[in-house]
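**Student:** First the structure, which I've put down as C-alpha cells, then a few questions once you've had a look.
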Amino acid sequence: MAKIELTVAIAGNPNSGKTSLFNILAGAHQHVGNWPGVTVEKKEGFYENDQYKIKLVDLPGTYSLSAYSQEELITRNFILRERPDLVIDVLDATNIERHLYFAVQLMELACPVVLALNMWDEVEASGIKIDHALLSSLLGVPIVPISAVKEQGIEQLLGTITGFASSARVSSNKLEYQADLSEEIDNLALILAEDQVLAKSYPLKWLALKLIEQDQEVYQLVHERAVWLRGRAVLEKAIKHLQGHFDRSPESIVSESRYAFINGAVKETVQVPLRKERTLTEIIDSILLNQIVGLPIFLFLLWLVFQATFRLGKIPMDWIEQFFVTLGNLAVRYLPDSTLTSLLRDGVIAGVGGVLVFVPAILLLFFAISILEDSGYMARAAFLVDRIMHRFGLHGRSFIPMVLGFGCSVPAFMACRTLKNEADRLTTMLVIPFLSCSAKIPVYVLLIGAFFPVHMQGNIMFGLYMLGVVIALIASALLKRFLFKGLSEPFVMELPPYRLPTARNILLHMWERAAMYIRKAGTFILVASVIVWVCSNLPSDRLAAHEHKEKVLQINSSATLSSADKEAQLLVLNSDYSSRQLAFSISGRAGHLIEPLIRPLGFDWKMGIALISGVAAKEIIVSTLGTIYSLENSEKNVGDLQRALRNDPAYNPLAILALLVFTLLYVPCIAASTVFHKEAGHWKWTVFYIIFSTATAYFMALIVYQGGKLLGY
Ligand code: BGO
C-alpha cells in the first residue's frame, strides 16, 4: 500500500529545541543546504513508518514573523507559498509566554499548527503547572508536551501530527484581537476579498493585519493591485482610528493586542511558583484578580462610579436646567399665547430640555468607564466574571457586549457577532436589554430624585444596575437550560497591560457618547416630543374648552375676588382644564385603555402614556412626563416636575420603585430593536425578545409592588 506523504515544517524561537526534535524525528535521514539566494542554513529530512512518509523541513529560528530579517521572511514565505500540511511550533515551555508570541503569529497565518511544548522535563522539575489541555481548547490548536532531549512525548506528537494533518483540518484557531483592531481587520479583509487572486493565495485577515502593521512586503504585494484603489482609503481610515484610540504606532497596537491575548491565556492555564521579584502588573493583578477580594473590589468600583454620577452630576445639571427654564419663560413672555407657542414651550423645550439636562450624568459615567477601560481594568473585570458567567451558561466573551449594553444596546447587539456559537450569541442578545443602558439614567435620576431621600439615591441606582445584571444572568441560565441547549466553548480572555489613561482618549470617549446623546435629543427625541404633544392635545375637548373659557371670564370679571385669589383660582382652573384635555386626547385614551393592565403594578394612565412613548426611546419617558405635567400644572423644570410627581396622589415610593424596575427591564427602544432584528436574523427571535423582555418587566414590577404592599409599605 502506498504511503501517505506529508510535508511538515518545524518552526519556533531560537533555542526552543527545534534541532533536537528534528534530529530525533529525521535521525540520519537528513541533509543540510542553504535556502535559495541566502546563506541561511536549510535542513530537510524524512520520518517514515508503515503508513506515512513525512518530509520534515527545519525552518530558521525566529522570534517574530515580520519582514525585518531573512529568517523571518524565509519562514513566513515558506508557510505561505509551500503550504506545508502542518507546522510544528516548538516552544520552550519554561518560558511559555514569550514563546506563544511566535505561536500567535503562526495562528495568524491560518495554517494548521501543532504546538510542541518542549522542555517539559524542566517544567516538571521547576514546579510550573501548565494545563495544556485547557490551553489547547482555549487556543483551538492541538498541544503536545514533549521533551526532545529526553525523547518523551514523541510518540504522542507523531500521533497528533498524522491524525491532524491527514484529516485535512483547516485551521480552527481561536485567536482574537482587541475589539477596535478586530473590526478594522475585518473591514479591510472584506475589501481585499474583492481581489480573487489575493483571496486564493493568502489568508485575507493576515494581509489586512500586516497592512495595518505597515509591513513593507505585504504593502508591495497589495499596492500594485486594482483593489488598492479602495483598500488604501480604508487602511488610512483604520490606522487613523486606531492611532486616535490607542495613541501608539499601529505596529505596537498589534503587538500589544497579541500580548493581551497571550497574557489572558497564560493567566488561565499556567501557574508559576512565587518568585521574589514580581513586576508591577503582577503585583496589581495579584490583588485585582484575587479570587476572594477581586470581585468585591470590582463591585465597589462600580458603586463608586454611580455615586459620583449622582453627586457630582447634580451641579452642572442645575445649570442646564436653569437655562431651559429661562428659555421657556422667554417663550412665554415674548411669543403670542397660541397653539404654536404651547407646542414650542410644552413640547419642544420641556421635552428636549428635559433630556439634555442629563448630559452631565452621561459624561460622568463615560468618564469613569473610559478610565476603567483604558487603564486595562475592564479586561480584568471580564476575566473575573468569566468564571461566574460559566455558571450561568454564558462565557466571558459575552461580558464585553454586556458591558457595552450599559452604554447602549445598539453597539452591544453588534458586538455579539464575536460570539461564534449561535446559542451563545442569541442568549447574550436576549439578555442585553435587561442591562441598564444610559438612556435609562434620566428616568432614574428624575424618579429617584423625586421620591427617595438623598442618602438613598446612589444606592437605589446601584441596586437597579445590579438587579439588571442578576435578571440577565438568571434569564441566560434559563434560556440555556430550556431553549438553547449546548455547552459554551472556552476561549481566551485578553489581558492588556496596565496603563495610565490619557486625557485625550478619555475626552474623546466622553465626547463620542455625549455627541450621540445630544444628536438623539436634537432629532429623534425632538420629533417624539412633538408627537407626544400632538397626541396629548388632540382631539381637542371643545366642551371643556368652552366651559373653561366661561369660567375664566367669570373669575376675571368678579368684583369680590382679590387679584391674589383670582390668580389662585385660575391656577386650579387651568390645571383642571389641562387634566380634562389630556384625558380626552389620543394619549389619554391610550393610557386609559391600558390602565387596567398596569394598575396591579401601581401605575396610572399617565405612567401608561409615558411607558408607551418610552418604547420610542427611554429618555422619552422623562420628556413625556415633562410634557404631561407641563400641560397639567404649568410646571417647567425638572425640580418642579419632581415636585409635581411627588404631589400627585397617584404615586408613592413603592409604585415608583415598580416603575423603575419596569423601565429597567421592558423592551428597549425602537433603534435597538431594529438592530436586534437585523442581528438575530429572524422575526421569530424579534417577537420572542419583545414578549420576553416585557413579560419579565411586568412580572418583576408586579412582585415589587404587590410584594411591597404585602409587607406593609
Ligand atoms: C544545549 N529539555 C531540556 N532540558 N533541554 C532541551 C530540550 C528538552 O526537552 N530540548 C532541547 N534542549 P536546540 P534550536 C546546551 O545545546 O535543539 C536543549 O535552536 C548546551 N549546548 O540540548 O539547539 C538542547 O534548534 C550547553 O541545549 O534548539 C540545547 O531551536 C549546556 O535546549 C538547547 C546546556 O536546543 C537548544 C544546553 C552547548
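**Student:** Out of the residues in the stretch 14-29 meeting the condition of being within 13 Å of the ligand (Cβ to nearest atom) and in contact with a Gly (Cβ under 6 Å, 6 or more places away or on another chain), tell me which one is nearest to Glu155 (Cα to Cα). Before you say what the answer is, go through the steps one by one.
**Tutor:** Our first condition is that a residue be within 13 Å of the ligand (Cβ to nearest atom); within the stretch 14-29, this holds for 14-26.
Checking which are in contact with a Gly (Cβ under 6 Å, 6 or more places away or on another chain) leaves us with 14, 18, 26.
Working: Pro14: 24, Lys18: 16, Ala26: 14 Å.
Residue satisfying both the conditions and the ranking: Ala26.
**Student:** Pull up the stretch 30-42, narrow it to residues that are within 16 Å of the ligand (Cβ to nearest atom) and β-branched (Val, Ile, Thr), then point me to the one that is surrounded by the fewest Cβ atoms within 10 Å (Cβ to Cβ).
**Tutor:** Val32
**Student:** Now, a different point. So which residues in the stretch 1-13 are within 16 Å of the ligand (Cβ to nearest atom), at negative phi and not hydrophobic (A, V, I, L, M, F, W, C), if there are any at all?
**Tutor:** Residues of the stretch 1-13 within 16 Å of the ligand (Cβ to nearest atom): 8-13.
Subset that is at negative phi: 8-11, 13.
Within the stretch 1-13, just Asn13 meets the criteria.
**Student:** Could you list, in sequence order, all residues of the stretch 82-121 that are more than 10 Å from the ligand (Cβ to nearest atom), in a strand (DSSP E or B) and either in contact with a Lys or Arg (Cβ under 6 Å, 6 or more places away or on another chain) or over 18 Å from Ser20 (Cβ atoms) (or both)?
**Tutor:** Leu86, Val113
**Student:** Go through (1) of a type outside the set (S, T, N, Q); (2) in contact with a helix residue (DSSP H, G or I) (Cβ under 8 Å, 6 or more places away or on another chain); (3) away from the ligand (no atom under 16 Å from the Cβ); (4) modelled with pLDDT of 90 or more one by one and return the number of the condition Gly45 breaks.
**Tutor:** (3)
**Student:** Quickly run through the stretch 48-78 and pick out the residues that are under 41 Å from the mean Cα position of the chain (by Cα) and aromatic (Phe, Trp, Tyr).
**Tutor:** Tyr63, Tyr68, Phe78
**Student:** Cβ-Cβ below 8 Å, separation at least six or inter-chain, first residue in the stretch 177-194 and farther than 17 Å from Gly231 by Cβ, second surrounded by fewer than 16 Cβ atoms within 10 Å (Cβ to Cβ) and not β-branched (Val, Ile, Thr): which pairs?
**Tutor:** Here the result reads Asp180/His241, each pair linking the stretch 177-194 to a residue that is surrounded by fewer than 16 Cβ atoms within 10 Å (Cβ to Cβ) and not β-branched (Val, Ile, Thr).
**Student:** Please enumerate the residues belonging to the stretch 48-63 that are hydroxyl-bearing (Ser, Thr, Tyr) and more than 12 Å from the ligand (Cβ to nearest atom). Can you show your working first?
**Tutor:** Pass one, the stretch 48-63, residues hydroxyl-bearing (Ser, Thr, Tyr): 52, 62-63.
Within the stretch 48-63, just Tyr52 meets the criteria.
**Student:** A follow-up question, please. Could you please tell me which pairs satisfy a Cβ distance under 7 Å, a separation of 6+ or placement on different chains, a first residue in the stretch 18-32 that is in contact (Cβ under 8 Å) with a residue 24 or more places away in the chain and within 14 Å of Met119 (Cα to Cα), and a second residue that is among the polar types (S, T, N, Q) and away from the ligand (no atom under 13 Å from the Cβ)?
**Tutor:** Sorted first by the residue in the stretch 18-32, then by its partner, the list stays empty.
**Student:** Phe358 versus (1) more than 28 Å from Asp318 (Cα to Cα); (2) crowded, with 22+ Cβ neighbours inside 10 Å: which is the lone unmet condition?
**Tutor:** Result: Phe358 fails condition (1) only.
**Student:** Another question, then. Can you find even one residue in the stretch 122-135 that is in contact (Cβ under 8 Å) with a residue 60 or more places away in the chain, in a strand (DSSP E or B) and within 38 Å of the chain's Cα centre (by Cα)?
**Tutor:** Going through the stretch 122-135, the residues in contact (Cβ under 8 Å) with a residue 60 or more places away in the chain turn out to be 126-132, 134-135.
Then keep just the ones that are in a strand (DSSP E or B); that gives 129-130.
This time we only want the ones that are within 38 Å of the chain's Cα centre (by Cα), so: 129-130.
The answer is yes; a qualifying residue exists.
**Student:** Which condition number does Val141 fail, the rest of (1) at pLDDT below 90; (2) within 35 Å of the chain's Cα centre (by Cα); (3) not hydroxyl-bearing (Ser, Thr, Tyr); (4) not in a helix (DSSP H, G or I) being met?
**Tutor:** Of (1) at pLDDT below 90; (2) within 35 Å of the chain's Cα centre (by Cα); (3) not hydroxyl-bearing (Ser, Thr, Tyr); (4) not in a helix (DSSP H, G or I), only one is false for Val141: (1).
**Student:** Here's a follow-up. Select the helices (runs of 4 or more DSSP H) contained entirely in the stretch 204-283, then report the ones holding at least 1 residues which are touching a Lys or Arg at 6+ places or on another chain (Cβ under 6 Å).
**Tutor:** Working: elements: 204-212, 216-223, 228-246, 250-269.
The helices (runs of 4 or more DSSP H) meeting that bar are 216-223.
**Student:** Could you list, in sequence order, all residues of the stretch 278-298 that are within 23 Å of Ile460 (Cβ to Cβ) and surrounded by 15 or more Cβ atoms within 10 Å (Cβ to Cβ)?
**Tutor:** First pass over the stretch 278-298, keeping only residues within 23 Å of Ile460 (Cβ to Cβ): 295-298.
If the condition is that a residue be within 23 Å of Ile460 (Cβ to Cβ) and surrounded by 15 or more Cβ atoms within 10 Å (Cβ to Cβ), then Leu295, Ile297, Phe298 are the ones that fit.
**Student:** Quick check on the stretch 49-63. Is at least one of its residues outside any strand (DSSP E or B), buried (at least 18 other Cβ atoms within 10 Å of the Cβ) and of a type in the set (S, T, N, Q)? Break it down into steps so the answer makes sense when it comes.
**Tutor:** In the first step, residues of the stretch 49-63 are kept if they are outside any strand (DSSP E or B); the result is 49-51, 59-63.
With the extra rule that they be buried (at least 18 other Cβ atoms within 10 Å of the Cβ), the set shrinks to 59-62.
In the following step, the residues that additionally are of a type in the set (S, T, N, Q) were identified as 62.
Yes, there is a match, as at least one residue in the stretch 49-63 is outside any strand (DSSP E or B), buried (at least 18 other Cβ atoms within 10 Å of the Cβ) and of a type in the set (S, T, N, Q).
The values are calculated or read from the model by the stated rules, or taken from the named source; none is laboratory data. As the structure is a computational prediction, the values presented were derived from the model and not from experiment. Please note: Cβ atoms are built from the backbone with ideal geometry, for glycine as well, and neighbour counts cover all protein chains shown.
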